[in-house]
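**Student:** The structure follows.
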Amino acid sequence: KAGVTQTPRYLIKTRGQQVTLSCSPISGHRSVSWYQQTPGQGLQFLFEYFSETQRNKGNFPGRFSGRQFSNSRSEMNVSTLELGDSALYLCASSPDGGANVLTFGAGSRLTVL
Amino acid sequence: KQEVTQIPAALSVPEGENLVLNCSFTDSAIYNLQWFRQDPGKGLTSLLLIQSSQREQTSGRLNASLDKSSGRSTLYIAASQPGDSATYLCATYGIYNQGGKLIFGQGTELSVKP
């Protein structure tokens, strides 16, 4: 059974650019959550999608957005990148986003110069 | 607002020692608490999930306990090995959660010396 796949694994951008990250959940999982991990703030919840709808959202500016497709794959987008957006972005999937074990991907490491 | 704290932030022990990692949380309105392991630059691996109605869960050399009333959980690692070196994170899933949101502690970085 394939795990959660995130692409790209590493990327470097410059301030002001935008970036799109992709997450393919475990087959059959309909919920995808996104987290940002930084040394200073730790792991923080960005948003969660279930059946193509955003059900939950963390406290991040509107520059951070996401979407989910009919096959449950999800993308997150960050526009007008800032230096502080440098982080490891993790996605996790679960069958329904309820109180289940979340399975995390390996993450996408974003560096903003 | 839920706050999750892990103490100590870092821990170094010789191989073979038994050790305890601590996790405390401020809001007892949780469905469950999960312990994860993270290797440097990698994603998270789920170790144990304790439902709010449970007191403990065991998997191999790992045992996690939960005392919801006092807002505490511990992860006990028996006979530690160098391969246990990693960052250990605890996270709560609140009962008012609309979906997928875990609140994480800052983690305990464990180093097991051969």
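The values are calculated or read from the model by the stated rules, or taken from the named source; none is laboratory data. These numbers were taken from a predicted model, which means no experiment stands behind them. So basically every Cβ, Gly included, is an ideal-geometry build from the backbone, and we count neighbours across all protein chains shown. For accessibility, only protein heavy atoms count, side chains too; no ligands or nucleic acids. Shrake-Rupley method; radii C 1.70, N 1.55, O 1.52, S 1.80 Å.
**Student:** In the range B:1-30, which residue that is closer than 15 Å to B:Ser52 by Cβ and among the small types (Gly, Ala, Ser) is most open to solvent (accessible area, probe 1.4 Å)?
**Tutor:** B:Ser28
**Student:** Give the residues of the range B:31-51 that are of a type outside the set (A, V, I, L, M, F, W, C), assigned to a strand (DSSP E or B) and either free of Cβ contacts under 8 Å to residues at least 40 places away in the same chain or open to solvent by 10 Å² or more (accessible area, probe 1.4 Å) (or both), sorted by residue number.
**Tutor:** Correct list: B:Tyr31, B:Arg37, B:Gln38, B:Thr45, B:Ser46, B:Gln51.
**Student:** Moving on to the next point. Are there any pairs, at least 6 apart or on different chains, whose C-beta atoms fall under 9 Å, with the first in the range A:65-80 and touching a residue at least 40 places away in the same chain (Cβ under 8 Å) and the second open to solvent by 60 Å² or more (accessible area, probe 1.4 Å) and among the hydroxyl-bearing types (Ser, Thr, Tyr), and if so, which?
**Tutor:** Going by the 9 Å Cβ cut-off, the qualifying pairs are A:Ser72/A:Ser27; A:Glu75/A:Thr20; A:Met76/A:Thr20; A:Asn77/A:Thr20; A:Val78/A:Thr20.
**Student:** Would you tally the residues in the range A:34-54 being modelled with pLDDT of 95 or more and of a type in the set (Gly, Ala, Ser)?
**Tutor:** Counting residues in the range A:34-54 that are modelled with pLDDT of 95 or more and of a type in the set (Gly, Ala, Ser) gives 0.
**Student:** Assess whether B:Thr58 counts as being more than 11 Å from the chain's Cα centre (by Cα), modelled with pLDDT under 95, assigned to a strand (DSSP E or B) and surrounded by fewer than 18 Cβ atoms within 10 Å (Cβ to Cβ).
**Tutor:** Criteria not met by B:Thr58.
**Student:** Taking into account only those residues within the range A:29-73 that are farther than 20 Å from B:Val4 by Cα and among the basic types (Lys, Arg), which is nearest to the other protein chains (Cβ to nearest Cβ)?
**Tutor:** My answer is A:Arg55.
**Student:** Does any residue in the range A:87-113 that is modelled with pLDDT of 90 or more come within less than 6 Å, Cβ to Cβ, of a residue that is part of a strand (DSSP E or B) and surrounded by fewer than 18 Cβ atoms within 10 Å (Cβ to Cβ) six or more places away or on a different chain, and which pairs are these?
**Tutor:** Note: pairs meeting the criteria are A:Ala87/A:Thr38; A:Leu88/A:Arg109; A:Arg109/A:Tyr10; A:Leu110/A:Leu11; A:Thr111/A:Ile12; A:Val112/A:Lys13.
**Student:** Within the range A:21-49, how many residues are open to solvent by less than 40 Å² (accessible area, probe 1.4 Å), not in a loop (DSSP other than H, G, I, E, B) and not hydroxyl-bearing (Ser, Thr, Tyr)?
**Tutor:** So the answer is 12.
**Student:** If I filter the range A:12-20 for residues that are among the small types (Gly, Ala, Ser) and open to solvent by less than 20 Å² (accessible area, probe 1.4 Å), do I get at least one hit?
**Tutor:** No, that holds for no residue.
So that you can scan it fast, the table gives a plain yes or no per residue for (1) assigned to a strand (DSSP E or B); (2) more than 14 Å from chain A (Cβ to nearest Cβ); (3) touching a strand residue (DSSP E or B) at 6+ places or on another chain (Cβ under 6 Å):
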position: B:Leu66; (1), (2), (3): yes, no, yes
position: B:Ser69; (1), (2), (3): no, yes, no
position: B:Lys101; (1), (2), (3): no, no, yes
position: B:Gln106; (1), (2), (3): no, no, yes
position: B:Ser111; (1), (2), (3): yes, yes, yes
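**Student:** Something else about it: Considering only the range B:69-95, state which residues are under 19 Å from A:Val101 (Cβ atoms) and open to solvent by 50 Å² or more (accessible area, probe 1.4 Å).
**Tutor:** Once the filter is applied, which keeps residues that are under 19 Å from A:Val101 (Cβ atoms) and open to solvent by 50 Å² or more (accessible area, probe 1.4 Å), the range B:69-95 yields only B:Ile95.
**Student:** Counting just the residues of the range A:55-71 that are at pLDDT below 95 and either touching a Gly at 6+ places or on another chain (Cβ under 8 Å) or not in a loop (DSSP other than H, G, I, E, B) (or both), which one comes out most open to solvent (accessible area, probe 1.4 Å)?
**Tutor:** It comes out as A:Lys57.
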